[in-house]
Amino acid sequence: MAGGEGVAQRQQQALVEKHAPERLELSNGRKAKITYSVDAPPFISMRIQDLYDVKETPRIAMGRVAVVVHILGPNHRPVQITQDLAGFWREHYPRIKQELQRKYPKHEWR
């Protein structure tokens, strides 16, 4: 019985990792740690430069759950929280970029 329990536990762990992973690989190749909470959707927090080339909101649970993205400035403080990353890049980034470029001229801005 003990051997069967170990197999079942590994299978259960693999299923949890598949649907609710600890880390998520983004489309730009970077990895983000996912934070889970009982009373809020899962989220990641990343600096804006680490999100360059990530056009769509990351998803987990085989694509069924959109992850909330806490977009951080170079000072690691949130500048935007969104579940619509495409909309952020299109609608909000141009204004935010201007503000942050003035404050942090040595950082890369695309």
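Using a Gaussian network model of the chain in which every pair of alpha carbons under 10 angstrom is joined by a spring, one finds that among Leu24, Leu85, Leu15 the greatest mean-square fluctuation is at Leu15. Counting only lysines at least 8 places from Lys55 when in the same chain, those with an alpha carbon closer than 17 Å to its own are Lys31, Lys97.
May I ask you to give the solvent-accessible area per residue for the chain, in square angstrom, as obtained with a 1.4 angstrom probe? Walk me through the intermediate numbers first.
Details: 7410 Å² over 110 residues.
Ligands and nucleic acids excluded, the result is 67 Å² per residue.
Computed with a 1.4 Å probe over protein heavy atoms only, the accessible area of Val68 comes to about 20 Å².
Ligands, DNA and RNA aside, Tyr36 has an accessible area near 100 Å² when probed at 1.4 Å.
Return a whole-number percent for the relative contact order of segment 36-78, with Cα pairs under 8 Å and 6 or more residues apart as the contact set. Display every interim value, and only then the final one.
Numbers: 46 pairs, mean separation 19.3, N = 43.
Relative contact order here is 45 percent.
Between His70 and Gln13, the contour length at 0.36 nm per residue exceeds the Cα-Cα span by 17.8 nm. The Cβ shell under 15 Å around Gly63 holds other residues with a net charge of +1, Lys and Arg each +1, Asp and Glu each -1.
Starting from the Cα-Cα distance between Arg95 and Glu5, subtract it from 0.36 nm times their residue separation and give me the gain in nm to one decimal.
Numbers: separation 90, 0.36 × 90 = 32.40 nm, distance 5.50 nm.
Extra length available between Arg95 and Glu5 comes to 26.9 nm.
Leaving out ligands, DNA and RNA, and with a 1.4 Å probe, what % of the accessible surface on the chain is carbon or sulfur? Carbon with sulfur: 51 percent of the solvent-accessible area. Across the chain, C-alpha contacts under 8 Å between residues 6 or more apart give a mean separation that, scaled by the residue count, equals a relative contact order of 18 percent.
Dipole magnitude for the chain: computed about the Cα centre from +1 point charges on Lys and Arg Cβ and -1 point charges on Asp and Glu Cβ, it is near 480 debye.
The values are calculated or read from the model by the stated rules, or taken from the named source; none is laboratory data. Since the model is a prediction, treat every value here as computed from it, not as a measurement. Note: ideal-geometry Cβ built from the backbone for every residue, glycine included; neighbour counts use all protein chains shown. Accessible surface is based on the protein model in full, side chains and every heavy atom, while ligands, DNA and RNA are left aside. Shrake-Rupley method; radii C 1.70, N 1.55, O 1.52, S 1.80 Å.
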